[in-house]
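Accompanying notes for the structure given below.
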Amino acid sequence: MARCPDLAFERAVFRRSLHRHAVPLAWLLRWLRPAFFRKDDQLIQQVGRDRSLEEVAEDIEHFQYGNRVHRHWLRTGLRMHIAPQRLAALARRCLAG
């Protein structure tokens, strides 16, 4: 997945990986508190470096574990984070080609 320019890749993946209900509030929150999405950005960057679907699955599992352990009412209650299944689907398309 590392074939795209970094910034364009990260923005596109963030936009496409968000839970649909979270899109309007996420853009406002990203503008007001960009650090809120640090874990999401780190996952996107890591997946961009991954070379196999197994690596992607491990990174996503780690992300999901972190959300379960470090709960925040916005992240886990309102699901204001990227959707791991959407990110996995994007990775499958990119790594398959």
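What follows draws every value from the coordinates through simple rules; no lab data is involved. Predicted, not measured: the structure shown is a model, and the values here were computed from it. Please note: Cβ atoms are built from the backbone with ideal geometry, for glycine as well, and neighbour counts cover all protein chains shown.
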Legend entry - Nitroxide proxy distance, nm - points 7 Å out along Cα→Cβ at residue 55 and residue 33: 3.2 nm
Legend entry - Value of relative contact order over segment 1-80, rounded to a whole percent, pairs C-alpha under 8 Å and six or more apart: 38 percent
Legend entry - Translational diffusion coefficient (Stokes-Einstein; Kirkwood radius from C-alpha pairs) of segment 6-96 at 4 °C, 1.567 mPa s, in µm²/s: 98 µm²/s
Inset, instruction - Before rounding to the nearest 500, sum -39500 (n - 2.57) across all DSSP H runs of length at least 4 in the chain and divide by the residue total; then give [θ] at 222 nm in deg cm²/dmol. - result: -21000 deg cm²/dmol
Inset, instruction - Could you state the angle between the C-alpha long axis of helix 23-32 and the longest principal axis of the C-alpha atoms of the chain, as a value from 0 to 90 degrees rounded to the nearest 10? - result: 80 degrees
Inset, instruction - Could you rank the peptides 64-73, 49-58 by their average count of other C-beta atoms within 10 Å per residue, with the highest value first? - result: 49-58, 64-73
Legend entry - Additional length obtainable on full extension of the chain from residue 73 to residue 15, 0.36 nm per residue less Cα span: 18.8 nm
Legend entry - Radius 9 Å from Cβ of residue 14, net charge of other residues (Lys, Arg +1; Asp, Glu -1): +1
Inset, instruction - Can you check what the net charge comes to around residue 57, using other residues whose Cβ is under 13 Å from the Cβ of residue 57 (Lys, Arg +1; Asp, Glu -1)? - result: -4
Legend entry - Local net charge near residue 38, Cβ-Cβ under 12 Å (Lys/Arg +1, Asp/Glu -1): +2
